[in-house]
Amino acid sequence: MNPSTKCLLLLIVLSLALATPFAAMGANPTAEELRGAPVFAEIAGTRVNVREGPSTTHTSLGKLDGNTWEILTVVDAAPGDDETTWYRVLSGRLGEGWVREDFLKFKPFYEPREPLLALIYSDVGVNLSTSEKRLGKPDKVKRNVIDVDWKLKNITSTQLKYPHGTVGFWDFNGGMLMDADLSGGIDGFGGVRFGMSREEVDTLLGPPETVAKESLRNYSADELWEYDSGLWYLLVCFDSESRVERLVFNYNIP
């Protein structure tokens, strides 16, 4: 990989933390809203517990600090026994757990494709443990230690292999979903479900940035739609009956 890769990785993290929002946040989202449209948040405080359930009586999975720039994916909410709301979050460092509302700072989306990214994280997971909860135990796990460049060394790349595809992670910034290529095993991801028609995908995601209408050597698709944020992309592959048969997510890392 070339020396620009580290800058791109840092940009992925910082883009969520520092960019100007395109839509302001209103009131904190409800459980029903989050189950259909997860959002991003960061820790507000230091040494904040992420717990196994929505209460201080539940075991702590570990602690997070707000100054680490880790962006959490918030996927659900529940009332706690202390009359506060607790939020179920996905953390690259700690996996899936619950954080009390006063220790979370919800972040607005910074660009139009970011709600799609939150859905992908929610459906596929953000690290090994959260992915295995959604996809089950993989048939094979492959790990490689790579040097991205002379400053960023000993990054562990892990690929989970399933009968219907693969999911890959790097241990950069605690844990990071880097790619997913699936044709089954789950209903779909990013809100797109296998078997959806082109019209249903267009209604859900809007028009793609790129449409390839011929069969593609790498994806064996009769038609392929690409949704590209600049930092990452989602490919929706359609079969001969114009139904979704494969989904591919990847970061644009050289």
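Rule-based calculations on the coordinates, nothing more; no lab input. Source: prediction; values computed, not measured. Backbone-built Cβ (ideal geometry, glycine too); neighbour counts: all protein chains shown.
Which of the three applies to segment 89-136, rounded, prolate or oblate, going by the alpha-carbon gyration tensor with a ≥ b ≥ c and a/c under 1.5 meaning rounded?
Judged from the Cα gyration tensor, segment 89-136 comes out oblate (a/c at least 1.5, b/c at or above a/b).
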**Request:** Could you tell me what % of all Cα pairs in segment 114-251 have separations over 18 Å?
**Result:** 55 percent
**Item:** Relative contact order (percent, whole number), the chain, Cα cutoff 8 Å, 6+ residue spacing
**Value:** 15 percent
**³J(HN,Hα) computed for each position of segment 47-58 - Karplus, 6.51 cos²θ - 1.76 cosθ + 1.60, integer Hz, glycine/proline x** = 6, 8, 6, 9, 10, 5, x, x, 5, 6, 7, 7
**Fill in**
Residues whose built amide H sits under 5 Å from the amide H of residue 104, excluding neighbours closer than 5 in sequence, are 44
**chymotrypsin sites (Phe, Trp or Tyr not before Pro) lying in DSSP loop within segment 103-168, provided at most 16 other Cβ fall within 10 Å** = 150
**Request:** Under 14 Å from the Cβ of residue 105, count the other residues' Cβ atoms, weight Lys and Arg +1, Asp and Glu -1, and hand me the total.
**Result:** -3
**Asked** Calculated from DSSP H runs of 4 or more alone, at -39500 (n - 2.57) each and per residue, what is the 222 nm mean residue ellipticity of the chain, nearest 500?
**Response** -5500 deg cm²/dmol
**Message:** Kirkwood hydrodynamic radius, computed over distinct alpha-carbon pairs, for segment 25-107: how many Å, to one decimal?
**Reply:** 12.4 Å
**Message:** For a quick check: sort 242, 91, 229 by the number of other beta carbons within 10 angstrom, fewest at the front.
**Reply:** 242, 229, 91
**Message:** On alpha carbon coordinates alone, what is the Rg over Rh value for the chain, Rh being the Kirkwood radius?
**Reply:** 0.96
